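The values are calculated or read from the model by the stated rules, or taken from the named source; none is laboratory data. Only a predicted model underlies this, so the values are computations on that prediction, with no experimental measurement involved. Neighbour counts are summed over all protein chains in view; Cβ atoms, including those assigned to glycine, are modelled from backbone coordinates with ideal geometry. For the accessible areas, the whole protein counts, side chains as well, though only heavy atoms, and no ligand, DNA or RNA atoms are used. Shrake-Rupley method; radii C 1.70, N 1.55, O 1.52, S 1.80 Å.
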Amino acid sequence: EAGVAQSPRYKIIEKRQSVAFWCNPISGHATLYWYQQILGQGPKLLIQFQNNGVVDDSQLPKDRFSAERLKGVDSTLKIQPAKLEDSAVYLCASSSGTYNEQFFGPGTRLTVL
Amino acid sequence: AQTVTQSQPEMSVQEAETVTLSCTYDTSESDYYLFWYKQPPSRQMILVIRQEAYKQQNATENRFSVNFQKAAKSFSLKISDSQLGDAAMYFCAYRSRWGDYKLSFGAGTTVTVRA
């Protein structure tokens, strides 16, 4: 069974630039999560999708972050414009249901200069 | 969200020895799940072990076992017969059994295994 795929693995941008991350969950997993992991901290949930609907985006900085999962499969997380404090690893995870085990992707390490 | 505290930023263990990672959490709920996740340097996080709060028996998974003290809100992970492949960041996490499904993570403990 293929795992959660993410791209790119690394990204370096200047502040105020835009960036997008892509995630393809495990086939058949209805629930998809985006986490932000700042160095030295545990992951923090940014947004959760159930199929193509948003279940929780309470911790997503909506003035600069956006995410979509249009067809209920893969998802894109965008930051526009980026700030220095957005430097982090962005993890995508998926599960077959809200209360089921989450499987994580390898993450995208973002550096904002 | 519940607070999860891992007070040990780093731990070092000799190969084949045992290491114990500590975790405490703060909650007013009686029914919840606790997890230990492993994140190797490649960053793909995997679930190591899970404990249901309503079960008194401590969970075990091969060389990994937990000491769950519900009254003390403590959830430690013991890695026995440590192997080089155990070197990673370990995260303790909490999730309500009902209602709020969010995983709340601690800050992590980096485990180094000495050959």
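Net charge dipole, the protein assembly as shown: roughly 420 debye, given to the nearest 20, about the Cα centre with Cβ charges of +1 for Lys and Arg and -1 for Asp and Glu. Gap in Å between the Cα centre of the stretch A:32-86 and the Cα centre of the stretch B:19-39? Each part's Cα centre sits 24 Å from the other's. To the nearest whole number, what is the average tally of beta carbon atoms from other chains within 10 Å of the beta carbons of peptide A:99-107? Taking the mean over all residues of the peptide, I get 5. Annotation: B:T110 carries an accessible surface of approximately 50 Å², with a 1.4 Å probe and no ligand, DNA or RNA atoms counted.
The largest-to-smallest principal axis extents of the Cα set in the protein assembly as shown are 47, 40, 33 Å. Spin-label model, B:S28 to A:Q41: label points 7 Å out along the Cα-to-beta-carbon direction sit 2.5 nm apart. Between B:S12, B:Q56, A:Q17, the Cα set farthest toward the positive side of the dipole of the protein assembly as shown (charges on each charged residue's Cβ, about the Cα centre) is that of A:Q17. Across A:Y99, A:Y35, the residue with the most accessible area heads the list, and the full order at a 1.4 Å probe is A:Y99, A:Y35. Probing with 1.4 Å while keeping every protein chain in the model, the per residue accessible area of the stretch B:27-97 equals 45 Å². Relative to the Cα centre, the charge distribution of the stretch B:31-96, modelled as +1 at Lys and Arg Cβ and -1 at Asp and Glu Cβ, gives a dipole magnitude of about 140 debye. Distances between every pair of Cα atoms in chain B, grouped in 10 Å steps from 0 to the bin holding the largest one, split as 15, 49, 29, 7, 0 percent. Once the Cα-Cα distance is subtracted from the 0.36 nm per residue extended length, the A:S27 to A:S96 segment shows a gain of 23.9 nm. Remark: accessible area buried at the A-B interface is about 1800 Å², both chains counted, probe radius 1.4 Å.
Counting Lys and Arg as +1 and Asp and Glu as -1 over every other residue whose Cβ lies under 11 Å from the Cβ of B:L47, the net charge comes to 0. Think of each Lys and Arg Cβ as +1 and each Asp and Glu Cβ as -1; about the Cα centre, that makes the dipole of chain A roughly 380 debye. Calculation over all alpha carbon pairs of chain A in 10 angstrom steps from 0 returns a P(r) of 16, 51, 29, 5 percent. Going 7 Å from the Cα of A:L84 along its beta-carbon direction, which residues of the stretch A:23-51 have the amide nitrogen within less than 16 Å of the resulting point? In the stretch A:23-51, the label zone of A:L84 (backbone N under 16 Å from the point 7 Å along Cα→Cβ) covers A:39.
Residue ranges B:12-19, A:39-46, B:54-61 sort as A:39-46, B:12-19, B:54-61 when ordered by packing (mean number of other C-beta atoms within 10 Å per residue, highest first). Label sites at B:D81 and B:Q69, each approximated as a point 7 angstrom past Cα along Cα to Cβ, lie 2.7 nm apart. With contacts taken as Cα pairs under 8 Å at a separation of at least 6 residues, the stretch B:6-71 carries a relative contact order of 20 percent. Per-residue Cβ counts within 10 Å, from other chains only, averaged over A:30-41: what number is that? Average neighbour count from other chains, rounded to a whole number: 2.
At R0 = 45 Å, how high is the FRET efficiency between A:S18 and B:W98 if r is their beta carbon distance? Nearest 0.05 is fine. Could the numbers behind the result be given before it?
Details: r = 39 Å, r/R0 = 0.87.
The value I calculate is 0.70.
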